[in-house]
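A short write-up of the structure that comes next.
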Amino acid sequence: MKIVLATPLYPPDTEPTALYCKELAKRLGQEKHHQVTIVTYGKLPEQIPGVAIIAVDKNKPLFIRIAHFTLNLWRASQKADILYIQNGASVELPALITTMITRTPFILFSTDKNVTKQAQKSRMYRMINQAIIRRACVVVTEIPHEKPEILSFSPRPERELLEYEDSWTKHLEAIHKLNA
């Protein structure tokens, strides 16, 4: 299955959604039957073996940045089976344009609560957000637990690590059911 993951944040960004996208791509990319591509904003994105990453410079002027992201997302999704879209107007607008042209089915990960709050403040963002939600096959609002910190001179958090792995197992099973 060819999967394209579109996200506004990706490591070296440290937001939880950036870390989530990297972990999701890594886990999907480890499955032999998946080919994963990430389209994101940034410079020097952290690489994942077996995962292609297309980065759009976020220091460009807004119109140019959105146009480059849209073009790269369109190219990446030409033969994609499914797109995973992380919420945020800078990704939702290009995803909306791309999926209207390619008709590629997509799952919207609406997990960044700050983005959702911002969308409610702006009429244009709210319209984009509502349009992408209507077109999505599924809207996912829950993500797995954050990875627990392992600190020097502290006992290893075995229980928290098991809960973390279990939450990812359940999350991936749910995603696979959505794709079936």
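The values are calculated or read from the model by the stated rules, or taken from the named source; none is laboratory data. This is a predicted model, so every value here is computed, not measured. So basically every Cβ, Gly included, is an ideal-geometry build from the backbone, and we count neighbours across all protein chains shown. Each accessible area value is taken on the protein alone, full model and side chains, heavy atoms only, with ligands, DNA and RNA left out. Shrake-Rupley method; radii C 1.70, N 1.55, O 1.52, S 1.80 Å.
Among residues of segment 21-35 that are without any contact (Cβ under 8 Å) to a residue 40 or more places away in the chain and polar (S, T, N, Q), those with a beta-carbon under 8 Å from a residue that is assigned to a loop (DSSP other than H, G, I, E, B) and surrounded by fewer than 18 Cβ atoms within 10 Å (Cβ to Cβ) at least six positions away or on a different chain give the pairs 30/50; 35/1. Pairing residues of segment 40-61 that are more than 18 Å from residue 74 (Cβ to Cβ) with residues that are hydroxyl-bearing (Ser, Thr, Tyr), at Cβ distances under 8 Å and at least 6 apart in sequence or on separate chains, gives 42/10; 45/10; 46/10; 51/37; 58/41. Scanning segment 115-126 for residues that are out of contact with any helix residue (DSSP H, G or I) (no Cβ under 9 Å at 6 or more places or on another chain) and over 16 Å from residue 8 (Cβ atoms) yields 121, 123.
A quick yes/no check of all residues on (1) in a loop (DSSP other than H, G, I, E, B); (2) on the phi > 0 side of the Ramachandran plot; (3) hydroxyl-bearing (Ser, Thr, Tyr):
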position: 29; (1), (2), (3): no, no, no
position: 40; (1), (2), (3): no, no, yes
position: 45; (1), (2), (3): yes, no, no
position: 53; (1), (2), (3): no, no, no
position: 59; (1), (2), (3): yes, no, no
position: 63; (1), (2), (3): no, no, no
position: 66; (1), (2), (3): no, no, no
position: 72; (1), (2), (3): no, no, no
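Cβ-Cβ contacts under 7 Å between residues 6 or more apart (or on different chains), taken from a first residue in segment 137-153 that is open to solvent by 90 Å² or more (accessible area, probe 1.4 Å) to a second residue that is assigned to a loop (DSSP other than H, G, I, E, B), are listed as 150/156; 150/157. I'd like the full set of residues that are of a type in the set (A, V, I, L, M), open to solvent by less than 100 Å² (accessible area, probe 1.4 Å) and farther than 30 Å from residue 80 by Cα, limited to segment 154-180. The one that is of a type in the set (A, V, I, L, M), open to solvent by less than 100 Å² (accessible area, probe 1.4 Å) and farther than 30 Å from residue 80 by Cα: 161.
One residue stands out in segment 68-119 among those that are more than 18 Å from residue 53 (Cα to Cα) and acidic (Asp, Glu): the one that is surrounded by the fewest Cβ atoms within 10 Å (Cβ to Cβ), namely 112.
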